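Worksheet: the structure to be examined is printed underneath.
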Amino acid sequence: MTVLTTARPAPPSTAHIALARVGVELRLFARERQQVVFSFAYPVVMMVVFGSVLGGDVLPGGVPFPQYFLAGIAATGIMLTSFQAVGTAIADEREAGQLERLQLLGTPPAAYFAGKAGQVLVTTAAQLALLLPVARYGYDVPLPVDLGHWLTFLWVAALGALAGTVLGIAVSALPGSASSLTTSISAFAIVLQFFSGVFFAFPELPGWMQQVAAVFPLKWLTQGMRSAFLPEQAGAFEIAGGWEHGRTALVLVAWVIIGVMVCVRTFRWRRADG
Amino acid sequence: MTTTEAAPLPTTTGGLTPAVEVRGLRKSYGGKAVLDGLDLEVRRGECFALLGPNGAGKTTTIEVLEGVRRRDAGEVAVLGEDPATAGRAWRARIGVVSQGEGAGQALSVRETLDHFARYTSTPRPTAELLAAVGLEEKADTRVGRLSGGQRRRLAVALGVQGRPELVFLDEPTTGMDPVARRQFWQLVRDLRAGGTTVLLTTHYLDEAAELADRVGVIAGGRLVEVAPPAELGAALRREATVRWREDGGWRAVPTETPAAVLRDLLAASPHGEVPGLTVTRPDLEDVYLQLVGTPGGEPR
C-alpha cells in the first residue's frame, strides 16, 4: 500500500481523532439544553423528592435513608449520563447520517467509542459535583470519610461510567428506529434500577431479582457507591457480608473489556447493511 | 487497460490504472437483482456520469465503490484497491459527497469544517473551502439553520476537504434551485481543473451533458451504453421519423434514409402539399428514454 500512497502522509492516529471526538462531543452536549438539564437535574430532583418523603426512615444497620439512597442515586445518575445518553445519542446520530460521514472518512470505531467515553467521564463528573453538595447540605448525608473512601468513590464512578458507555454502544446496535430504541433503553434502565437496589435496600429484594441484577453493572456500581458513602459496619448487611471490592472491580472491568470486543464487531455506522 | 491517453494525471499520485474498474458486478436484495453484471471503467482525471432512472442501481454501484456496501459477485478496483478490504490510507484518497449532515446540527459551518479537518493529514484550509463552496457568509451559522442547498454545499466542502484523488457525487443537485445547481456545476469544473477524478450519479440529462466527459447509462442493473454526451445513442440518433397526415390519420415512418422516404412521398402526391409533414430526429432525452427502456415515459 505504501507504493500507492507515497505522496500522502499517513492518516491521523486513532488517539488524535479520539481527542477531536471528545472535544466535539462535549461541545454538542453543552449545546443540547434539554439533555444538559435532564442529566444534571434528574439525580438532584430524585434526591430532593426521596430525601423529603423518606428522610426519617432508617435502614438495617442504622443507616438513615438519605445516606443509603445517595449511593443509589449517584449510581443511577452515572447510568443516565453513560448508558442512556450514549445509547440514545448513537441511535440519533446514525439516523441523521452523521455516522455515515464518519465511516466514509475511515474513522476507527475505537476513536468514536473513546470520544463517547471521554464525554461521559466529563459529564458524569459534573453531575456528581452537583449532586454531592445537595445531599451534604440539604440532607446531612456525610461525604466519604477519608481519602480511601474518596478513592473508592472515584474508581467505582469511573469504571461504572465506562461500563455504562460500553453497554450503551452495545444496545445501539439493536435493530429499530432511533425513537423505538430510546424507548427500549429507558424501559430497560428503569427496570434495572429497581432490580439493582437503587430505590430499595438491595438485601430486601427477592433472590431472583438479585441474581438478575448481579449480571449487570448497575448493581455493582450501586454497591460500590454504598461502600464509599456508608459507615464501614454497614457492609455486614450486604448479601455477601462485605463490600466485595474485588468482585465489583472484576465485574465492571469485565463489562468494559468484553463489551468493547463485542461492540467492535457489532457496531453499525448505518441503519441497515445489505 | 490502455484507455488513459487523454486523461490528465492527478496531482497527488500518478498511475496508469483506471481510477475505477468494475467487471461483472452483481448485487441483489431479497432475491431481486439490482446490479446484474455491471461493467464500468472510469479514467483518471475524467468526469464520468452514471445516468439512469431511480432504482436502476446507481446508488448501490456508488456504495460498493465507496466500500460501504458488500457485493455478491464481480471484480472491483478503485484507485487500484478492492474497496471491500482497503484500509484508511485508501479511504484518505477518496472523497464522498454524502446526503448525511455534518457532525451535529448545533455546530456552526466553520466548527464542522475545523472538526473534520482533524480526520485527515492533508486538509484544505477551512477559509479556502468556505470560499470554494460560497458559504463564507454562513460560516458562523449553525448547521441546523442552513437551507437544503446550503447543506449540500457543506457536504461538498466536506467531500473534498482531504484533497481526494477521486470524488463520488451521488445525485448532488437533487433538490437544488437552478442558481445553486449552476454554482455547483462550477464547483465540479474547478475540481476537474485540479486534476480530480469525478464520478457522479444523476437522473438529470442536462447535468450529465453539462459536466461529464463520458456518460454511462444504467438500466436493469447494467451499463447499456457508454459515450461522450454528444455521441450518446449514436445508432438511435441516425434514425429519423418522417410524419404526415393521410386519410384523416397520422402516418409515421422511422428511417435511416429520410430523404429517400421524402422523395417517394412527394412523387406519390405530385399536385399538392403533404399535410402536416415533419422530419424529426431524436434528441438526447428521446435517446435516453429508449436506452433505459421506458419509451414515451417521463424520466422519474
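Laboratory data are not the source of any read-out in this text; all were calculated from the coordinates shown. The shown structure was predicted, so the numbers you read here are calculated from the model rather than taken from an experiment. Don't worry about glycine lacking a Cβ; one is built from the backbone with ideal geometry, like all the others, and counts go over all protein chains shown.
Every condition in (1) closer than 30 Å to B:Lys32 by Cβ; (2) without any contact (Cβ under 8 Å) to a residue 12 or more places away in the chain is met by A:Ile257 except one, and the failing one is (1).
Among the candidates A:Gly61, A:Gly72, A:Gly87, the residue that is outside any helix (DSSP H, G or I), in contact (Cβ under 8 Å) with a residue 24 or more places away in the chain and either buried (at least 18 other Cβ atoms within 10 Å of the Cβ) or away from every other protein chain (no Cβ under 14 Å) (or both) is uniquely A:Gly61. Entry remark, region B:106-134: residues being more than 8 Å from chain A (Cβ to nearest Cβ) and either of a type outside the set (Lys, Arg) or buried (at least 23 other Cβ atoms within 10 Å of the Cβ) (or both) number 17 in total.
The helices (runs of 4 or more DSSP H) falling completely within region B:140-242 that include 1 or more residues that are of a type in the set (Phe, Trp, Tyr) map to B:178-193.
Quick check, is A:Val262 surrounded by fewer than 16 Cβ atoms within 10 Å (Cβ to Cβ) and in contact (Cβ under 8 Å) with a residue 60 or more places away in the chain? Yes. Output the residue which, of all residues in region B:265-282 that are surrounded by 11 or more Cβ atoms within 10 Å (Cβ to Cβ) and without any contact (Cβ under 8 Å) to a residue 24 or more places away in the chain, is farthest from the chain's Cα centre (by Cα). Ranking the candidates gives B:Ser269 first. Of all residues in region A:17-38, one or more are assigned to a helix (DSSP H, G or I), out of contact with any strand residue (DSSP E or B) (no Cβ under 9 Å at 6 or more places or on another chain) and more than 14 Å from every other protein chain (Cβ to nearest Cβ). Just wondering, is there one or more residues in region A:198-205 that are in contact (Cβ under 8 Å) with a residue 60 or more places away in the chain, crowded, with 17+ Cβ neighbours inside 10 Å, under 18 Å from the mean Cα position of the chain (by Cα) and in a helix (DSSP H, G or I)? No, because not a single residue in region A:198-205 is in contact (Cβ under 8 Å) with a residue 60 or more places away in the chain, crowded, with 17+ Cβ neighbours inside 10 Å, under 18 Å from the mean Cα position of the chain (by Cα) and in a helix (DSSP H, G or I).
Evaluated against (1) touching a helix residue (DSSP H, G or I) at 6+ places or on another chain (Cβ under 8 Å); (2) outside any loop (DSSP other than H, G, I, E, B), A:Ile239 falls short on exactly one condition, (2).
Out of the residues in region A:98-143 that are touching a strand residue (DSSP E or B) at 6+ places or on another chain (Cβ under 9 Å) and under 16 Å from A:Pro43 (Cα atoms), state the one that is surrounded by the most Cβ atoms within 10 Å (Cβ to Cβ). The residue in question is A:Val141.
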